[in-house]
1. Looking at segment 93-114, which of the residues that are under 14 Å from the mean Cα position of the chain (by Cα) and hydrophobic (A, V, I, L, M, F, W, C) is nearest to Q134 (Cα to Cα)?
2. Say we look at segment 76-106 and pick out the residues that are polar (S, T, N, Q) and without any contact (Cβ under 8 Å) to a residue 40 or more places away in the chain; which of these is farthest from Y148 (Cα to Cα)?
3. State all residues of segment 112-154 that are surrounded by fewer than 21 Cβ atoms within 10 Å (Cβ to Cβ), of a type in the set (G, A, S) and closer than 29 Å to T92 by Cβ; if no residue qualifies, say none.
4. Looking at I83, I122, can you tell me which residue is under 18 Å from S58 (Cβ atoms) and not polar (S, T, N, Q)?
5. Go over the candidates S145, S121, S105, S130 one by one and state the one that is in a strand (DSSP E or B) and closer than 24 Å to F77 by Cβ.
6. Counting only residues that are among the polar types (S, T, N, Q), surrounded by 14 or more Cβ atoms within 10 Å (Cβ to Cβ) and under 15 Å from T113 (Cβ atoms), how many does segment 37-87 have?
7. Just for segment 88-98: of the residues that are surrounded by 13 or more Cβ atoms within 10 Å (Cβ to Cβ) and of a type in the set (A, V, I, L, M, F, W, C), which one is modelled with the lowest pLDDT?
8. What are the residues in segment 22-61 that are aliphatic (A, V, I, L, M) and outside any strand (DSSP E or B), if any?
Amino acid sequence: MVSANFIKELIRICRQVTDPSLMCNPEESLFTIIICDNSRSGNDIECSYSKTVGVGESRTLSQTEREQMTFSAELGFTVEAGIFGLKTTMSTKLGFSKLVGYEWSESDTNTWTEAETVSASISVKPYTVSKLEQLVGKCSFYGASTIYFKQTDIDPNGVETVRVFENL
């Protein structure tokens, strides 16, 4: 039989465990959402895709990170519970994005809420290949998907046109 003192000691120790969202070392990257190839058609086309904005489980988890997430959840540190700490950590440690010039501390509130996925589409001009990327952050098992999107169109001559937009 487990004694009450043992349980109290365990609770005390568990309360001393630091929120993983405050200890992680954030990274940022451009995540390719879709590549739409209209290089063989003389007509505009629409390409449908799903985009996620907000905080959730990282899209690229190692086995170790998956185990950390399970252990942390058992201690009450769920992805949803870590949103505030993650916002603080990523805003402080990433600050101004070296990758795309995005200011993490000024992220839209949608970035710091529970992840939401919506359907959308992009228009692709004739004889063009279009790539849509999204700025994402990763911190341990947490993933933050921003409202920063970059669409790169490549025409038949290899000329790239880049368009950046920030919206849901």
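1. W104
2. By that ranking, first place goes to T78.
3. Of everything in segment 112-154, just one residue is surrounded by fewer than 21 Cβ atoms within 10 Å (Cβ to Cβ), of a type in the set (G, A, S) and closer than 29 Å to T92 by Cβ, namely A115.
4. Details: I122 fails: under 18 Å from S58 (Cβ atoms).
Just one listed residue meets the conditions, I83.
5. S145 is the lone residue from the list that is in a strand (DSSP E or B) and closer than 24 Å to F77 by Cβ.
6. Of the residues in segment 37-87, 1 are among the polar types (S, T, N, Q), surrounded by 14 or more Cβ atoms within 10 Å (Cβ to Cβ) and under 15 Å from T113 (Cβ atoms).
7. Narrowing segment 88-98 to residues surrounded by 13 or more Cβ atoms within 10 Å (Cβ to Cβ): 88-91, 93-94, 97.
Next cut, of a type in the set (A, V, I, L, M, F, W, C) only: 90, 94.
Numbers: M90: 89, L94: 92.
Selected residue: M90.
8. If the condition is that a residue be aliphatic (A, V, I, L, M) and outside any strand (DSSP E or B), then L22, M23, L61 are the ones that fit.
The values are calculated or read from the model by the stated rules, or taken from the named source; none is laboratory data. Keep in mind that what you see is a predicted model, and the values were worked out from it rather than measured. A quick note on method: Cβ atoms are made from the backbone with ideal geometry, for glycine too, and the neighbour counts reach across all protein chains shown.
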